[in-house]
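Okay, structure first, notes after.
The values are calculated or read from the model by the stated rules, or taken from the named source; none is laboratory data. Note that the structure is a prediction, hence the values are computed from the model and not measured. Using ideal geometry, Cβ is built from the backbone for each residue, glycine included, and neighbour counts are taken over all protein chains shown.
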Amino acid sequence: MGYDFTDTARLTLVNQWFSKDQGITRRNNLQSTTRFDTDRNILTTELTMNNLGKYHLNTKSRISYTWKEEDYDDRKNQIGKGEVRTIDKLHGISANFFTEYLTDNNAFTVILDLKIEDYRSIDEYHRKNPNESNRETYIVGAQDTLYLMDQKLSITPAIRLMRVNNYLFSAKDRFGKQLYSDKRKENFWMPQMGIKYRMLHWLSLKSNIARYVREPSFFELFGDRGYFSGNPELDPEKGKNFDIGVDLNWKLSSLYVSRLTFSGAYFVSNTDDMIIRVFNAAGYSKAKNLSKSRIQGIETSIKIDFLTYFRLHCNYTHQDTENLCDDPVNRDNNGKALSGRLADSFVGKLEAQWNTFKIFLNISENLACFTMKPSYWLHLLKKYSMPV
């Protein structure tokens, strides 16, 4: 829902609701009464103001509030880890500011991000008396795109500084002893560089290199739900990404097809302390850091606009994963594939649009797991998922 104050100022309000009730089978794949239910709501307001002041700045400000609740219920001990009923609650507020200064051969951008999250886990059997955990994330970034050679070549250097304040408390036992606590304040510099060269009006070459950091999620830290256990001693995941690829874009005068777009890229990611799930012989898993790993592969995307109202969008990804650890604990797995990482995946989306009304058909297939998940999506201010 949005309102235009002027031609250069617009206020938008979006609310997204998601709900899933999921059953969990036993280890022998038999049905059980164990449930893992999720409810989430995200409320976002966004103000866009363009062409401001004598420098004609473009700006966008966004504020979001997130509420999420996950209810894991195994009161009959059918998964095998005792009688369990936990309710995990997450409340978060985030603010983002973006401003852009444009010239004929330059686009300079500054971003400011703030995110505050509060997490609480309730154990209804009172084996633990949980405390709240908090995380504050601050990001300051700048990006400058230079257009050269009659705008055929664009070079985009960027830098981001991320400050993370963690106040993590897993729980207290029945005697009031703190089971785990961690107060960390860390700064991470994340530079990146992108290059794109338009060889022909329909053909472009592109490449990017970047450093990234990912903090473990609260689920990875404290989640204790059936087959999955958290690890409050996880370190942040850090790595370097590189990709090189090609973009093809054709505008057609055909009565049936108006546009055809193809994108393909080779990518490689070298990661330190990657967060993965390690399974034991009984089928239970725990999140752990892997000191060194590599993921490389190809990613392709194709979009076809046809019959005025329709669009077909398909993505295919193939990746090879490799454990590069040489420490004594993981030495036996050196050179082996990483657990929980898909080798091949396919996502297809058929979309029909008329004015503000959209209908979606989504199909995804993870070839490593052999699962097919079709669903219909009705989009009209909000999104409602209706699994087939």
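A few remarks follow.
- Residues in the stretch 13-36 that are hydroxyl-bearing (Ser, Thr, Tyr) and either in contact with a His (Cβ under 6 Å, 6 or more places away or on another chain) or surrounded by fewer than 15 Cβ atoms within 10 Å (Cβ to Cβ) (or both): SER19, THR25, THR33.
- Only one of the numbered conditions (1) closer than 20 Å to VAL213 by Cβ; (2) at pLDDT 95 or above is violated by ASN134, and that is (2).
Residue by residue, here is whether (1) at pLDDT below 80; (2) touching a strand residue (DSSP E or B) at 6+ places or on another chain (Cβ under 8 Å); (3) among the aromatic types (Phe, Trp, Tyr); (4) not in a loop (DSSP other than H, G, I, E, B) holds:
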residue	(1), (2), (3), (4)
ALA337	no, yes, no, no
ALA352	no, yes, no, yes
ILE359	no, yes, no, yes
SER385	yes, yes, no, yes
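- All positions within the stretch 277-332 that are assigned to a loop (DSSP other than H, G, I, E, B) and closer than 30 Å to SER258 by Cβ: LEU307, THR308, TYR309
- Per this entry, TYR65 is counted among residues that are farther than 30 Å from TYR284 by Cβ, loosely packed, with under 15 Cβ neighbours inside 10 Å and modelled with pLDDT of 95 or more.
- Close pairs from the stretch 210-226: first assigned to a loop (DSSP other than H, G, I, E, B), partner buried (at least 17 other Cβ atoms within 10 Å of the Cβ) and not β-branched (Val, Ile, Thr), Cβ under 6 Å, at least 6 apart: GLU215/PRO236; PRO216/LEU234; GLY223/GLY230
- Residues that are under 19 Å from the mean Cα position of the chain (by Cα) and under 21 Å from SER94 (Cβ atoms), drawn from the stretch 16-63: GLN16, TRP17, PHE18, THR38, ASP39, ARG40, ASN41, ILE42, LEU43, THR44, ARG62, ILE63
- Filter result for THR12 (within 30 Å of ASP104 (Cβ to Cβ) and either outside any strand (DSSP E or B) or in contact with a strand residue (DSSP E or B) (Cβ under 6 Å, 6 or more places away or on another chain) (or both)): yes
- Here SER253 clears all of (1) within 30 Å of LYS196 (Cβ to Cβ); (2) surrounded by 14 or more Cβ atoms within 10 Å (Cβ to Cβ) except the condition numbered (2).
- Among the residues of the stretch 166-186, not a single one is under 25 Å from the mean Cα position of the chain (by Cα), at pLDDT 95 or above and not β-branched (Val, Ile, Thr).
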